[in-house]
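The values are calculated or read from the model by the stated rules, or taken from the named source; none is laboratory data. Just so you know, these numbers come straight off a predicted model, no measurement behind them. Here Cβ is always computed from backbone atoms with ideal geometry, including for glycine, and neighbour counts include all displayed protein chains. For accessibility, only protein heavy atoms count, side chains too; no ligands or nucleic acids. Shrake-Rupley method; radii C 1.70, N 1.55, O 1.52, S 1.80 Å.
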Amino acid sequence: FVANREIGKVVLQPELFTPDNDGQNDRLHIIYQLNEGGWMGNIRIYNDLGTEVRRLMNNDWLGSNGMKSWDGTLENGSKAPIGIYIVYFEVFNAQGQKQIFKQTCVLGARL
């Protein structure tokens, strides 16, 4: 029996982003750091109802660290509505190891 060890970590910056092209917090940055290379990953964005609204990454090879960004658009290219979103980041390797990172972010707008 092998204990499930931490594979790495994922940080969202900023947790509140406003994709209005004003040059401040226009994108959500999904920053990952893995303990070693050889991993593949998927990143999905879900709305607060649990519906997938965007696929940022699909079975892509990952370096030991990196970043993906979400510009606040839906899969069809339209702007996502203001609200809470769940970032689902899954990493896996050929040995069958897997880890899932789930974090929330807020897509906001200036009033």
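For an R0 of 22 angstrom, estimate the FRET efficiency from the Cβ-Cβ distance between Asn76 and Asp26 and round to the nearest 0.05.
For R0 = 22 Å, the calculated efficiency reads 0.65.
Given Cβ point charges of +1 (Lys, Arg) and -1 (Asp, Glu) and nothing else, what value in debye, to the nearest 20, does the dipole of segment 49-109 about its Cα centre take?
With Lys and Arg at +1 and Asp and Glu at -1, about 80 debye.
Hey, what's the per residue convex hull volume over the C-alpha atoms of the chain, in cubic angstrom?
Roughly 108 Å³ of hull volume per residue.
Based on the Cβ-Cβ distance of Ser69 and Ala94, what FRET efficiency does E = 1/(1 + (r/R0)^6) give at R0 = 30 Å, to the nearest 0.05?
E(calc), rounded to 0.05, equals 0.65.
In what order, largest first, do Glu75, Glu36 sit by accessible area if the probe radius is 1.4 Å?
Largest to smallest exposure gives the sequence Glu75, Glu36.
Along the charge dipole of the chain, pointing to its positive end and built from +1/-1 on Cβ of Lys, Arg, Asp and Glu, which listed residue (Met40, Asn58, Leu107) has its Cα farthest out?
The Cα lying farthest towards the positive end belongs to Met40.
Keeping all protein chains in the complex and leaving out DNA, RNA and ligands, what accessible area do you get for Arg55 with a 1.4 Å probe, in Å² to the nearest 10?
So the heavy atoms of Arg55 present about 110 Å² to solvent.
Only Cα pairs under 8 Å and at least 6 apart count here; give the relative contact order of the chain as a rounded whole percent.
29
Using only Cα atoms, locate the centre of segment 1-58 and the centre of segment 85-111, then give the distance between them in Å, rounded to an integer.
With segment 1-58 and segment 85-111 each reduced to a Cα centre, they are spaced 4 Å.
How much net charge surrounds Ile100 when only other residues with a Cβ under 11 Å from its Cβ are counted (Lys, Arg +1; Asp, Glu -1)?
Within the 11 Å Cβ shell, the charges total +2.
Can you give the extra length, in nm with one decimal, that the chain gains between Asn42 and Lys102 once fully stretched, where that is 0.36 nm per residue apart less the Cα-Cα distance?
Contour length minus the Cα-Cα distance gives 20.4 nm.
If Lys79, Lys9, Lys68 are ordered by their accessible area, calculated over protein heavy atoms with a 1.4 Å probe, which sequence runs from highest to lowest?
Per-residue accessible area, sorted high to low, gives Lys79, Lys9, Lys68.
Which order do you get for Phe101, Phe92 if you rank them by accessible area with a 1.4 Å probe, largest at the top?
Per-residue accessible area, sorted high to low, gives Phe92, Phe101.
Determine the dipole magnitude for the chain: charges of +1 sit on the beta-carbon of Lys and Arg, -1 on that of Asp and Glu, nothing else is charged, the reference point is the Cα centre, and the result goes in debye to the nearest 20.
180
For Phe89, what charge total do you get from the other residues with a beta carbon under 11 Å from its beta carbon, if Lys and Arg give +1 and Asp and Glu give -1?
+3
Counting Lys and Arg as +1 and Asp and Glu as -1, what is the net charge of the other residues whose Cβ lies under 9 Å from the Cβ of Glu52?
Overall, the nearby charge balance is +2.
Could you tell me the relative contact order of segment 11-72? Use alpha-carbon pairs under 8 Å, at least six residues apart, and round to a whole percent.
Relative contact order comes out at 35 percent.
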